[in-house]
1. Quick one: in the range A:267-282, which of the residues that are within 12 Å of the chain's Cα centre (by Cα) and at the interface with chain B (Cβ under 9 Å from one of its Cβ atoms) is nearest to A:GLU94 (Cα to Cα)?
2. Pairs needed: first member in the range A:69-84, closer than 19 Å to A:VAL306 by Cβ; second member anywhere, open to solvent by 100 Å² or more (accessible area, probe 1.4 Å) and of a type in the set (Phe, Trp, Tyr); C-beta distance under 8 Å; at least 6 residues apart or different chains.
3. From the list B:GLU203, B:GLU189, which residue is acidic (Asp, Glu) and in contact with a Ser or Thr (Cβ under 8 Å, 6 or more places away or on another chain)?
4. Go through (1) touching a residue at least 24 places away in the same chain (Cβ under 8 Å); (2) open to solvent by less than 10 Å² (accessible area, probe 1.4 Å); (3) under 13 Å from the mean Cα position of the chain (by Cα); (4) within 30 Å of A:VAL195 (Cα to Cα) and name the single condition A:ALA289 misses.
5. Could you tell me whether the range B:120-141 includes any residue that is assigned to a helix (DSSP H, G or I), open to solvent by less than 20 Å² (accessible area, probe 1.4 Å), within 26 Å of A:LEU259 (Cα to Cα) and facing chain A (nearest Cβ under 9 Å)?
6. Here are some conditions: (1) of a type outside the set (Asp, Glu); (2) open to solvent by less than 50 Å² (accessible area, probe 1.4 Å); (3) at pLDDT 80 or above. B:LEU309 meets all but one. Which one does it not meet?
7. Kindly indicate which of A:LEU297, A:LEU305 is within 13 Å of another protein chain (Cβ to nearest Cβ) and more than 15 Å from the chain's Cα centre (by Cα).
8. Quick check: is even one residue across the range A:143-156 farther than 22 Å from B:GLY53 by Cβ and either modelled with pLDDT under 85 or of a type outside the set (Phe, Trp, Tyr) (or both)?
Amino acid sequence: MLRFLKRLFLMLLVIWLAASLNFLLPRLTDRNPIEEVIAASMGESGGTMEGIEEIVASYEARFGLDQPLWKQYLFSLWDSLRFDLGISISFFPERVSTLVLQALPWSIALIGTATAFAFAIGTALGALTVWPGAPRFLNVVVPVIMVLAAIPFYLIGLMLIFLFASQLNWLPTGGGYAPGTIPDNSFEFLAEVFVHSILPILSILLASIGIWALSMRGMMVTVQGEDYMTFAKARGLSGWRRFWRYAVRNAITPQVTTLVLALGNIVTGAVLVERIFGYPGIGNLLFQAILVIDYYLIYGCVYVLVLTIGLSLMILDLIYPLIDPRIRAAG
Amino acid sequence: MNKPENVSHPTPDTGTKPATATRDALVSDWGTSSRRLRTVLLYLKRNPNLTVGLVLLAALAAVSLGGQLVLEPKFADPLANRPKLPPSWEHPLGTDSQGRSMLGVLIYGTFLTAKVGVIAGLIGVAIGAVLGFMAGFFRGWVDVVISTITDVLLTIPPLLVLVVVAANLATKLDTNQMALIIALLAWREPTRQIRSQVLIMREAGYLKTARLGGTSMMGIVFKELMPNLIPYLMASFVLAMATAMLASVGLEALGLGPQNEPTLGMSVYWAMFYGALLLGMWWWVLTPVLALVVLFVGLYLVSAGLDELANPRLRRRRQ
């Protein structure tokens with residue numbers, strides 16, 4: 001419970017920091033996002049700069065930028081807290097929260113699936129590689145996979161696109177589904193989504209299996225030196241049982257800590273993977289926002305990603321006692 | 001780019017000391033430089049991670065530094081060559097659709113990426129060493145404040161904060177300014193690592209002996225703690241450098257890097273922006289991607305090798 005309260009406190013600090021950063025940063029620079037966007041769109045449509053001041057003033061009043069600073073700060077904190085992230089400048093009438101909520105499920109599905117597979121495969125490989133009598137080929141495969149973990153996800157993604165989409169033409173180069181398809185619940189649509197998600201998932205998978213394998217290998221080495229392992233062998237338990245019920249069961253709990261430490265990097269990595277593949281998640285939305293410096297949308301994406309990470313960490317802290325009885329006993 | 005040299009030289013020196021005490025007692029005579037070299041080589045032979053990592057980084061440094069002697073910087077500028085040329089004798093790595101020679105991008109981009117990493121990594125480790133040392137040495141409320149702030153900031157992925165910061169500054173960034181922005185968050189991991197190392201050292205026997213012997217606090221800090229921290233600082237620096245490069249290349253690939261300098265990440269961005277692979281211009285994508293892969297793998301291996309150097313227990317575990 002104490003762990004959880006501490007995490008809750010840290011999470012509130014993170015939200016406060018993120019919200020304050022959003023308030024502070026634009027004011028530290030002399031840029032005026034509203035003026036820039038209006039000037040840019042005027043330039044595009046061939047209009048003149050006449051009357052831009054009045055338009056900017058009306059927008060500033062709309063966004064509350066003419067209020068005293070402390071009032072603006074409190075308002076912006078309150079807005080961040082209730083997810084009112086403003087209106088996107090580049091997708092004009094759309095609210096930032098609507099856009100982000102549309103993209104979020106794609107990202108969660110992508111990162112969730114890839115991380116679940118990476119966890120299972122990496123943990124199994126890491127455990128097997130130091131278990132006596134494991135297949136020899138693991139001695140080659142596991143170091144390679146650990147080296148892969150040093151490469152950013154999106155670079156692996158680019159190499160996969162080159163190989164499987166560009167050279168071999170087996171899989172689509174990007175997108176969440178084929179252009180021109182209207183999303184529905186049909187089987188064909190789901191199959192299409194699946195085919196399009198293979199390469200993005202594979203790049204996250206290849207780059208993150210090593211994270212799990214590395215930490216699991218370390219824990220398995222420690223566990224194998226424990227007295228209960230010797231005792232289990234002396235009792236004549238089968239190798240299979242000693243592996244799963246004794247060694248893996250005890251070594252697997254710190255993997256949750258590894259997840260806590262790696263989650264931020266996995267999410268950041270996935271953001272860039274989405275951009276490389278044009279996958280319709282938050283990463284790609286963030287990229288589109290950056291293209292036109294749509295500040296509200298950029299901040300909205302970052303804020304929601306930071307919140308998601310903080311929330312996931314809190315959930316992990318809650319379920320940690322469930323997998324590790326020692327923590328449950330300690331209260 | 002003197003990065004790999006900076007990292008590599010001090011390491012084998014510090015590393016050979018513990019090694020000489022045990023296995024290579026016969027060659028541990030530091031008198032002549034040839035023997036010293038032999039000890040270093042013997043150690044490198046036993047630490048393949050460090051060796052392969054140093055070789056990869058040295059190869060990349062050779063290409064980048066040697067190339068700068070042969071090729072003028074303007075080859076990496078847009079419109080310097082005919083655009084969209086496939087690899088040939090004249091342009092060994094081809095040119096992109098804006099007329100940059102990809103060989104020029106490889107040579108100068110690698111240097112710029114390494115420069116950002118070294119600057120941000122140095123600042124990060126310097127701040128981290130001071131904060132971590134204070135937290136671990138003084139404990140109490142100093143530790144609570146520093147650790148809480150570090151913990152909070154560690155939850156936030158650096159790239160996301162940097163995206164917000166860079167989006168506000170955008171347009172006229174150069175690589176030095178970007179290194180400074182990245183350094184804003186590069187001190188978090190070093191602070192953590194140095195703090196926990198100082199905490200362990202505080203309780204070590206030799207420190208208690210020194211304290212009992214009446215060594216002054218300054219003496220303890222500078223004669224006992226600092227020399228023993230050096231291998232950890234080194235490992236911390238390599239890690240901070242790798243993290244900083246990861247963040248800088250990520251920012252560039254998102255289009256938030258310096259627009260006027262041919263960084264590797266920026267060329268990934270342009271390659272994606274113009275759909276280089278759809279145009280069949282594989283050399284445009286593969287050149288920066290492979291250079292970055294060699295860079296990150298090299299840094300990872302050096303960092304793993306330094307880890308083994310700093311924690312001899314890992315070495316025993318292997319056997």
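The values are calculated or read from the model by the stated rules, or taken from the named source; none is laboratory data. Because the structure is predicted, anything quoted here is derived from the model rather than measured. We place every Cβ from the backbone using ideal geometry, glycine too, and count neighbours over all the protein chains shown. These accessible areas exclude ligands, DNA and RNA; they are computed on the full protein's heavy atoms, side chains included. Shrake-Rupley method; radii C 1.70, N 1.55, O 1.52, S 1.80 Å.
1. My answer is A:VAL271.
2. Qualifying pairs under 8 Å: A:LEU77/A:TRP16.
3. B:GLU189
4. Going through (1) touching a residue at least 24 places away in the same chain (Cβ under 8 Å); (2) open to solvent by less than 10 Å² (accessible area, probe 1.4 Å); (3) under 13 Å from the mean Cα position of the chain (by Cα); (4) within 30 Å of A:VAL195 (Cα to Cα) one by one, A:ALA289 breaks only (3).
5. Taking every residue of the range B:120-141 in turn, none turns out to be assigned to a helix (DSSP H, G or I), open to solvent by less than 20 Å² (accessible area, probe 1.4 Å), within 26 Å of A:LEU259 (Cα to Cα) and facing chain A (nearest Cβ under 9 Å).
6. For B:LEU309, the failing item is (3).
7. A:LEU297
8. no
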